[in-house]
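The values are calculated or read from the model by the stated rules, or taken from the named source; none is laboratory data. Since we're looking at a predicted model, the values are computed, not measured. Virtual Cβ from ideal backbone geometry, glycine too; neighbours counted across all protein chains shown.
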Amino acid sequence: MRKKKIFLADDEADILKVLKRFLELDGFEVTTSSAGKDALNKISSEIFDLLILDVMMPEINGWEICKKTKANPKTRNVPVIILTAKSQNVDAIMSYECGADEYATKPFDYSELSVTIKNLLSKDETK
């Protein structure tokens, strides 16, 4: 069975490093980006099983990346988690309105995020 591929975009190097390590320890193949345009290019050119996007990134924010991903027939069914330091109700609403499947705030508890990731990936397998 092939490893599930997760794409992770966040402009905070420490978050990228730590979260990538946790995901790899959980058995996932992880590709990362720290800027919006680069993230969008990678998402368009590779096939991923799940995307984790930070909202606040240079060039293009995570909500815009999510909208573009969900509008593309090739990527519209890929589950998206918005991961952000913004924790107002309006931020959660914006995340779901752009097409995100889940919304999580920083600082995050990796064990909770891991359950969310596994749930989204198992839902995807049943389609």
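To keep it simple, each residue is scored yes or no on (1) touching a Lys or Arg at 6+ places or on another chain (Cβ under 6 Å); (2) within 22 Å of TYR110 (Cβ to Cβ).
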position: ALA13; (1), (2): no, yes
position: ASN41; (1), (2): no, no
position: SER45; (1), (2): no, no
position: PHE48; (1), (2): yes, yes
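Residue check: MET1 meets all listed conditions (1) under 21 Å from LYS118 (Cβ atoms); (2) assigned to a loop (DSSP other than H, G, I, E, B); (3) touching a strand residue (DSSP E or B) at 6+ places or on another chain (Cβ under 9 Å); (4) modelled with pLDDT under 95 but one, namely (3). Residues in region 4-13: is at least one buried (at least 20 other Cβ atoms within 10 Å of the Cβ), under 18 Å from LEU83 (Cα atoms) and touching a residue at least 60 places away in the same chain (Cβ under 8 Å)? Yes. For region 40-60, the candidate set comprises residues that are over 18 Å from ALA85 (Cβ atoms) and β-branched (Val, Ile, Thr); within that set, the residue that is farthest from the chain's Cα centre (by Cα) is ILE47. Within region 108-127, being within 17 Å of LEU53 (Cβ to Cβ) and at pLDDT below 90 holds for PHE108, ASP124. Residues in region 22-31 that are assigned to a strand (DSSP E or B) and aromatic (Phe, Trp, Tyr): none. Residues of region 15-31 that are among the β-branched types (Val, Ile, Thr), surrounded by 15 or more Cβ atoms within 10 Å (Cβ to Cβ) and within 14 Å of LYS106 (Cα to Cα): ILE15 alone.
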